[in-house]
Every structure is written in C-alpha cells, then in structure tokens.
Amino acid sequence: MAIGERVLMGPGPSNVYPEVTAALARPVLGHLDPEFLFLLEETCERLRAVFRTANRLTLPVSGTGSAGMEAALVNVVHAGDVVVVGVNGLFGERMAEVAARQGAEVVRVEAPWGEPLDPEALLRAHPSPAVIALVHAETSTGVRNDVAAVCLGKGEALVVADTVTSLGGVELEVDGWGVDIAYSGTQKCLGVPPGLAPLTMGERAWARRLERPASWYLDLGLVAGYVTGAGGRTYHHTAPVSMVFALHAGLGVLLQEGLEQSWHRHLGCGQMLQDGLQAMGLELLAPEGHRLPQLTTVRVPEDLPPHSGEAEVRRVLLERYGIEIGGGVGSLAGKVWRIGCMGHTARRANVTLLLAALAEVLGR
C-alpha cells in the first residue's frame, strides 16, 4: 500500500480531507495579494465559528500547535506571575515549562498520567493566580479534562486552554464556558496537515497582555495588525499561503458537515473503537467518562505473540495493512498504544479495518 493510501490512526497527522488536498494544489499567491488577504479574513471568521467565539483576535498562528502554546503564554505571562498549570500528561508538562521560561511562579497541580485533573484542586491551588492553564484533550493519554468547570470558578484569573486535539472533535465552547485564550493545531480533528496553530484571545486577556513580550515573532500585538487589519494592515511576517488555503478548505468541510455533527461522528467512531478493543480483551487506559473519542489509549497486552514487542506490532500494522498507530510517550512509552480517530480518518470503515487487522496481528 502506498504512503498516500495509509490510514493514519496515530496521534499525529491524520488523513486530510480531499478538499484540503485540492486547496494545497492551488497556485500560490503573494502573502499581501488582496485575494489572499480576503481568504485569510474568511479563514479567521471560520475559526470563530469552530471555536464558538466572537473574539476579534482569532487567527492561525504560523507554526504548529506548540507555537500556539507559546504564543498564548508569552503574551500574557508577566515575570513573577503565579501560573497554575494542570499536569496529567506530556502537554501539561510542556505548558508548565513554557510558563516557567517566562519567569512565572509555576504552581503544578498533578494527576497520574491516564487520570483526569480535579478542577477543584486547580481552583484551590493558589488564592489569586494570574493564569490557570490546562489541556482540554491530553494527546499523550487520551484523557479529557473539564475546562468548563475550571472556568466557572476562575475568578480574576485568565484560563488558557490547550485544544490541539479537541477542536472540531468534541464539544468546545470558548465564549460559553469563559475560556480566555485557546490554541489548537491543524493536524488533528480539523483534517488539515500540520503547520498552523489556530488561536483565539478574549478581551480580558488582551487587556492584560505584555506590550513587548519576549518573542517578537509571536507578539500578538504585531501579528494582529497583519491578520485583522486593525489600524491598517502592516507587514509582520510572510504567511504560509498554501497552509492557509488548506485550513480555509478544512474549516469549510467541517462547517458544511456541521460542528455538532462532527462531534457526533467522532463520538460514534471512538465508541465503536473502544468497544471493539475491549471485546478483544484489551484494557483502556483512560477512565470511563473521561475518555476522548478521537484519541484512544490502550494498554499493551502482556501476552503479545512470541518475539513480538509493541513496536513490532505497530510495524506490522503499517507494513502489512497500511495502518499507522502511535506508541506511548514519556512515562507511558512502551506501555500503551495511542489510536487516533480524527478528522477525515474518523470513519467507521477505518475502525473496522483497524480492529480486524489488530486482532489478526495479536492472534485474538
């Protein structure tokens, strides 16, 4: 099976929508071409619809999801600020590291990898934090954290939410919940290749942003003028034109399907996958009620076929069936498989193929 025919069911880049592939093949325009600037503005409007927000500052940051994380924190974390960070996986760890590099006093609220964060513990961690940061959908563990509950008790703190693996795949209400800053990535449930980080910032966060953050490239005060034309459009950086074409197309597919319908499709495929894995006798890592439908973590069984480690199982799936699943990371390395069911890949036919192939490889 050729690379283009692979079913990518890992936590990384998913199969993209056909409309996105067509958009990537469009002739490249200049990044200041009026036609491109119109399409960029329309892309930002589509992002507002998907984030469920009216925030004017909603844009695709030029960089992958980690650039979105850094842009979110570098613009609002002042030296000496208290930043409460929920850590129950790799990307919570990364948020804590980025905040610390801004000179923040980081207060970590931890849960074991594979368990959800306790919203009350986050809210009790400090009497007056400047920022509370947490991951909505932890890609390293397949756990969903309760962002809405944290927002309810945030007080004067800003809530920064990592929505890299949740945007477009599960319910997310930026304005409805009161999220102050959210960032995402294109390569998960949006069905677009990696390369952009959708980000939205509310008025409370904008009012408290640094005038001169440590990063010039990620200074949203400068980027906003280029993206939104606020105060007259000014040159900031050369935008990745073809990736914006792709994001525009992917958001168009998502909105045409309907956001709630996309959530429902991801939920149905995820439930089908998780039921099938358990019927095979495999154990899921995340507890029921906090499992992500679009990213399932399953414990590597102890009774693997002779001379077959967990990486060998993944290799056989890829080479024999063209199915790619991910391995564990950090403390879960070698202990779990991470199976993505995101974007264009979230189809029942793909789930059926994966379950049948895995059962054959495992001899179950």
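The values are calculated or read from the model by the stated rules, or taken from the named source; none is laboratory data. Keep in mind that what you see is a predicted model, and the values were worked out from it rather than measured. In this analysis, Cβ positions are derived from the backbone assuming ideal geometry, glycine residues included, and neighbour counts consider all displayed protein chains.
Some notes on this structure:
- Hits in segment 288-327 (condition: over 23 Å from VAL16 (Cβ atoms), surrounded by fewer than 22 Cβ atoms within 10 Å (Cβ to Cβ) and within 19 Å of the chain's Cα centre (by Cα)): HIS290, ARG291
- With a requirement of 3 or more residues that are under 26 Å from VAL143 (Cα atoms), of a type outside the set (Gly, Ala, Ser) and touching a helix residue (DSSP H, G or I) at 6+ places or on another chain (Cβ under 9 Å), the helices (runs of 4 or more DSSP H) lying completely within segment 191-292 that satisfy it span 241-257, 259-279.
- Listed by first and then second residue, the pairs with beta-carbon distance under 6 Å, at least 6 apart or on different chains, first residue in segment 18-43 and without any contact (Cβ under 8 Å) to a residue 60 or more places away in the chain, second surrounded by 14 or more Cβ atoms within 10 Å (Cβ to Cβ), are GLU35/LEU29.
- Within segment 315-332, tally of residues that are among the aliphatic types (A, V, I, L, M) and touching a Gly at 6+ places or on another chain (Cβ under 7 Å): 1
- Within segment 119-144, tally of residues that are free of Cβ contacts under 8 Å to residues at least 60 places away in the same chain and either on the phi > 0 side of the Ramachandran plot or touching a Pro at 6+ places or on another chain (Cβ under 6 Å) (or both): 0
- Yes/no for VAL109 being farther than 20 Å from SER66 by Cβ, more than 15 Å from the chain's Cα centre (by Cα) and not acidic (Asp, Glu): yes
- Remark: THR186 falls outside the filter, which requires a residue to be more than 27 Å from GLY289 (Cβ to Cβ), under 16 Å from the mean Cα position of the chain (by Cα), in a strand (DSSP E or B) and at pLDDT 95 or above.
- Output for segment 112-145, where each listed residue is under 14 Å from GLY92 (Cα atoms) and charged (D, E, K, R): GLU115, ASP118, GLU138, ARG144
- From the list GLY114, GLY103, the lone residue that is surrounded by 16 or more Cβ atoms within 10 Å (Cβ to Cβ) and out of contact with any Asp or Glu (no Cβ under 7 Å at 6 or more places or on another chain) is GLY114.
- If the condition is being assigned to a loop (DSSP other than H, G, I, E, B) and of a type in the set (A, V, I, L, M, F, W, C), then segment 323-350 contributes ILE325, VAL329, ALA333, CYS341, MET342, ALA346.
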